[in-house]
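S.K.: Below: one structure in structure tokens.
The values are calculated or read from the model by the stated rules, or taken from the named source; none is laboratory data. Bear in mind the structure is a predicted one, so any value in this text is a computation, not a measurement. With ideal geometry, Cβ positions are generated from the backbone for all residues, glycine too; neighbour counts draw on all protein chains shown.
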């Protein structure tokens, strides 16, 4: 179902195509190996709880999120990683397959500025064995996400 939701969302953008793999690409390293790129080019989408509300952040696969900076950007006092059950319940995606496209309504998406280090990044497409090659500008355009700078 998550893959179908992403495909449905992408049906309005014929220039974007999902790549499916025979093996799992649920980590940045595995995805990079399958695609023949560096882990930095993998656009990982992380789910956080900001004062108890879910938010998504897509960043480069080699970056670490500065949770305090994220809290400042969001105006939240407490920010923490969501557990696997919360990720699935709030996003409709399994951990390792969280996509920045086709997300459930009401979950805000943020793109970290680090994505713009690359012409093309590879985001999960709803499963742990899928990738969506997309430029950061196009990702921002189709998602309406806000761009923030919270990763190092």
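S.K.: When you scan the range 2-14, do you find a residue that is buried (at least 19 other Cβ atoms within 10 Å of the Cβ) and touching a helix residue (DSSP H, G or I) at 6+ places or on another chain (Cβ under 6 Å), even just one?
M.R.: No: zero hits.
S.K.: Could you check the range 48-66 and list, in sequence order, the residues that are touching a strand residue (DSSP E or B) at 6+ places or on another chain (Cβ under 7 Å), outside any loop (DSSP other than H, G, I, E, B) and without any contact (Cβ under 8 Å) to a residue 60 or more places away in the chain?
M.R.: 48, 49, 50, 54, 55, 56
S.K.: Go through (1) touching a residue at least 40 places away in the same chain (Cβ under 8 Å); (2) under 17 Å from residue 109 (Cβ atoms); (3) in a loop (DSSP other than H, G, I, E, B) for residue 76 and report which single condition fails.
M.R.: (1)
S.K.: Looking only at residues that are part of a helix (DSSP H, G or I), touching a residue at least 12 places away in the same chain (Cβ under 8 Å) and buried (at least 17 other Cβ atoms within 10 Å of the Cβ) in the range 15-33, which one is nearest to the chain's Cα centre (by Cα)?
M.R.: Applying the first criterion (part of a helix (DSSP H, G or I)) to the range 15-33 yields 28-33.
This time we only want the ones that are touching a residue at least 12 places away in the same chain (Cβ under 8 Å), so: 28-29, 31-32.
Next, only the ones that are buried (at least 17 other Cβ atoms within 10 Å of the Cβ) stay: 28, 31-32.
On the way: 28: 11, 31: 13, 32: 15 Å.
Only one residue tops the list, namely 28.
S.K.: Looking at this structure, is residue 44 more than 22 Å from residue 141 (Cα to Cα) and either surrounded by 14 or more Cβ atoms within 10 Å (Cβ to Cβ) or out of contact with any strand residue (DSSP E or B) (no Cβ under 7 Å at 6 or more places or on another chain) (or both)? Walk me through how you get there before you give the answer.
M.R.: Details: more than 22 Å from residue 141 (Cα to Cα): no; either surrounded by 14 or more Cβ atoms within 10 Å (Cβ to Cβ) or out of contact with any strand residue (DSSP E or B) (no Cβ under 7 Å at 6 or more places or on another chain) (or both): yes.
Here the answer is no, as residue 44 does not meet what is asked.
S.K.: Pick from 104, 109: which is modelled with pLDDT of 95 or more and within 23 Å of residue 144 (Cα to Cα)?
M.R.: Numbers: 104 fails: modelled with pLDDT of 95 or more.
That would be 109, the only listed residue that is modelled with pLDDT of 95 or more and within 23 Å of residue 144 (Cα to Cα).
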